[in-house]
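Following: one structure in structure tokens, then a few remarks.
The values are calculated or read from the model by the stated rules, or taken from the named source; none is laboratory data. Nothing here was measured: the structure is a model prediction, and the numbers come from that model. Neighbour counts run over all protein chains shown; Cβ positions are idealised from the backbone, glycine included.
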Amino acid sequence: MEVTIIVPIHNSEKYLKECIKSALDQTFYDIEILCIDGGSTDLSFEIIKELREEDSRIQYIRDSNTSYGHKINLGINIARGKYIAILESDDRMCSEFIKRSYDIARASGADIVDVDFYELFNYKGKEFNCSVRKYYPNTYGHLIKKFDSFNRDSVIRGIWTALYRKEFLIKNKIQLNESKGASYQDFSFLFLVSLLSESTYHLMVPLYQYRKDNVASSVKDDHKIFEIAEECDFLKCDLEKRKVCDRNIWRLYYMKKYEAYYWNYFRLSSQARKVFMEKYMEELMDDVEQGNLRREMVNADEYQTTFLLLDDKNEFINRVTERDQYLSLTKLCYILDESKDRDLVIFGAGSWGSKIVDVLQQNNAKVLGICDNSKELQNTVKYGFEISPVEIAVKKFSNASFLIANRKNSDIMRRQLLENGIKAENILVFI
């Protein structure tokens, strides 16, 4: 047996059938699918039973423990495959995920092969896939050796987009925290596999579909206010048990901790934010007093999740509130509505511009071109369009609507369009 796909389940009936079918439809056949059910009370068992009658590669394990971490740990321990993948029960794998990851792992000897993914969502009865690039371009397509550059961007992003060598996980005793429910147990796992792997390979191809519109997702639960703190403590204890002394590793731990705290604060309702804010500030002040965090340690992005809260609490809250207005899924749906019956030119050829063009083309919207102020991007080609300077695009498509896909410079870009004769009603702003 070469590959084991672990599917942790708990009352997953809504998307479970399409999830399991995506595993069965892999072009790589030598797999087993471990469906580990933590006491579901819905039709999850019946769905798996029906599918198992069609394909014996599916194995069903029922366990009374509802912990996500427990289910993954159990799957790793009993897996027969040399490599392990994790498939969330509301997500899907693209058909080439296992084959392409496995071929790279075997050829390169990598402990981990990590791929990009799609954000999957439905809007008005239509399904959309929005591709996400996880890392900087120079980290793709080659082996990343242990400690080559262990930094904030070295930590694997998403437990479900990677193929792991089982022997590596067992040898290093890497396990998830078996806390209750299904919230953030992958925090320590992702840090440890990234730290302890001898080599990792990033593949710049989206091969996993991560569902963004599941309202029942555990990360949306407002009752789980403090679980992220427990997961950070679990990782800290693990690092201490391993006698980790490297200052760079501990610096990264504290950066990732407060990055996670910030994300947790952001996802909560306004009332829950007030409750979590007290713990956030208390631990942050303690870590500063103990010398775990120093101002010279943080860059501009890290400042937003750490010292800004201590320096100006109101500004911290205002920035989070402002960010609330730019939830990408909500804005994408807005653009899908606004793009109807319009001829569109995308102003901004960065990551968001590319994402918008991708989604609009899936909706058969009429995109005429892409423009950008960057000299480096001008005259290059994206999605079949040659990127032009905005002045040329305005002359060529004077009656079109221009969609600004750049949050930082959106006000400047809007004025630029107005000065070049584009009417205000023909200017849309995505972020």
Could you check how many residues of segment 343-384 are over 18 Å from L120 (Cβ atoms), of a type in the set (D, E, K, R) and touching a residue at least 60 places away in the same chain (Cβ under 8 Å)? 0
Candidate set from segment 386-409 (those that are part of a loop (DSSP other than H, G, I, E, B) and either of a type in the set (F, W, Y) or modelled with pLDDT of 95 or more (or both)); member that is nearest to K355 (Cα to Cα): I387
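Looking only at segment 3-17, decide whether some residue is touching a strand residue (DSSP E or B) at 6+ places or on another chain (Cβ under 8 Å), part of a helix (DSSP H, G or I) and either touching a residue at least 60 places away in the same chain (Cβ under 8 Å) or not assigned by TED's automatic domain parsing to the domain that holds D103 (or both). Working first, answer last.
Here is the first cut: in segment 3-17, the ones touching a strand residue (DSSP E or B) at 6+ places or on another chain (Cβ under 8 Å) are 3-10, 15-16.
Adding the requirement that they be part of a helix (DSSP H, G or I) leaves 15-16.
Of the ones still in play, those that are also either touching a residue at least 60 places away in the same chain (Cβ under 8 Å) or not assigned by TED's automatic domain parsing to the domain that holds D103 (or both) are 15-16.
Yes - at least one qualifying residue is present in segment 3-17.
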Selection from segment 42-53 of residues of a type outside the set (S, T, N, Q), surrounded by 16 or more Cβ atoms within 10 Å (Cβ to Cβ) and farther than 12 Å from K21 by Cα yields L43, F45
Got a number for residues in segment 105-132 being at negative phi, modelled with pLDDT of 95 or more and either surrounded by 19 or more Cβ atoms within 10 Å (Cβ to Cβ) or part of a loop (DSSP other than H, G, I, E, B) (or both)? 9
So, in segment 285-306, how many residues would count as being surrounded by 12 or more Cβ atoms within 10 Å (Cβ to Cβ) and within 25 Å of the chain's Cα centre (by Cα)? 6
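So if I check each of G291, G348, which one is at positive phi and not assigned by TED's automatic domain parsing to the domain that holds K423? Spell out how you get there, then give the answer.
Working: G348 fails: not assigned by TED's automatic domain parsing to the domain that holds K423.
After ruling out the rest, the residue left standing is G291.
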Identify, please: which residue in segment 347-360 is touching a Ser or Thr at 6+ places or on another chain (Cβ under 9 Å) and at pLDDT 90 or above and is, among those, nearest to V390 (Cα to Cα)? G348
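Polar (S, T, N, Q) and assigned to a helix (DSSP H, G or I) - does that describe any residue in segment 281-304? Step through it out loud before you land on a result.
Applying the first criterion (polar (S, T, N, Q)) to segment 281-304 yields 290, 292, 299, 304.
Among the residues that remain, those that are also assigned to a helix (DSSP H, G or I) are: 304.
Checked segment 281-304: at least one residue is polar (S, T, N, Q) and assigned to a helix (DSSP H, G or I).
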Can you pull out the residues in segment 21-41 that are buried (at least 21 other Cβ atoms within 10 Å of the Cβ), modelled with pLDDT of 95 or more, over 21 Å from the mean Cα position of the chain (by Cα) and not in a strand (DSSP E or B)? Q26
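What are the residues in segment 266-278 that are within 13 Å of K224 (Cβ to Cβ) and assigned to a helix (DSSP H, G or I), if any?
First, pick out the residues of segment 266-278 that are within 13 Å of K224 (Cβ to Cβ): 267-269, 272, 275-276.
Hits for segment 266-278 are R267, A272, V275, F276.
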With the first residue restricted to segment 82-97 and required to be outside the structural domain of A182 (by TED's automatic domain parsing) and touching a residue at least 40 places away in the same chain (Cβ under 8 Å), and the second required to be surrounded by fewer than 24 Cβ atoms within 10 Å (Cβ to Cβ) and assigned to a strand (DSSP E or B), Cβ contacts under 8 Å at 6 or more apart or on different chains are none
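Of the residues that sit in segment 76-99 and are more than 21 Å from the chain's Cα centre (by Cα) and in a helix (DSSP H, G or I), which one is surrounded by the fewest Cβ atoms within 10 Å (Cβ to Cβ)?
Filtering segment 76-99 down to residues more than 21 Å from the chain's Cα centre (by Cα) leaves 76-83, 99.
If we keep only those that are in a helix (DSSP H, G or I) as well, we get 76-78, 99.
Values: I76: 21, N77: 11, I78: 14, K99: 15.
The residue in question is N77.
Scanning for something part of a loop (DSSP other than H, G, I, E, B) and surrounded by 20 or more Cβ atoms within 10 Å (Cβ to Cβ), does segment 375-382 turn up at least one residue?
Taking segment 375-382 first, the residues part of a loop (DSSP other than H, G, I, E, B) are 375-380.
From the residues that got through so far, the ones that are surrounded by 20 or more Cβ atoms within 10 Å (Cβ to Cβ) too are none.
No, the conditions are met nowhere in segment 375-382.
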Candidate set from segment 1-12 (those that are modelled with pLDDT of 95 or more, within 23 Å of the chain's Cα centre (by Cα) and not aliphatic (A, V, I, L, M)); member that is farthest from S89 (Cα to Cα): T4
Identify all residues within segment 352-374 that are part of a loop (DSSP other than H, G, I, E, B), closer than 20 Å to S131 by Cα and out of contact with any strand residue (DSSP E or B) (no Cβ under 8 Å at 6 or more places or on another chain); write none if there are none. N364
Return yes or no: is Y164 of a type in the set (F, W, Y), modelled with pLDDT of 95 or more, assigned to a helix (DSSP H, G or I) and crowded, with 21+ Cβ neighbours inside 10 Å? no
When you check L235 against the structure, is it among the hydrophobic types (A, V, I, L, M, F, W, C), modelled with pLDDT of 95 or more and either assigned by TED's automatic domain parsing to the domain that holds F191 or assigned to a helix (DSSP H, G or I) (or both), yes or no? yes
Check on N73, part of a strand (DSSP E or B) and touching a residue at least 60 places away in the same chain (Cβ under 8 Å): no
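I'd like to verify a number: residues in segment 411-431 that are among the polar types (S, T, N, Q) and surrounded by fewer than 17 Cβ atoms within 10 Å (Cβ to Cβ), how many? It would help to see each step written out before you state the result.
Narrowing segment 411-431 to residues among the polar types (S, T, N, Q): 416, 420, 426.
Keeping just the survivors that are surrounded by fewer than 17 Cβ atoms within 10 Å (Cβ to Cβ) gives 420.
Qualifying residue count for the region: 1.
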Exactly one condition in (1) part of a loop (DSSP other than H, G, I, E, B); (2) touching a strand residue (DSSP E or B) at 6+ places or on another chain (Cβ under 7 Å) is not met by L428; state its number. (1)
Give me a count of the residues in segment 337-347 that are crowded, with 19+ Cβ neighbours inside 10 Å and either out of contact with any strand residue (DSSP E or B) (no Cβ under 6 Å at 6 or more places or on another chain) or in a helix (DSSP H, G or I) (or both). 1
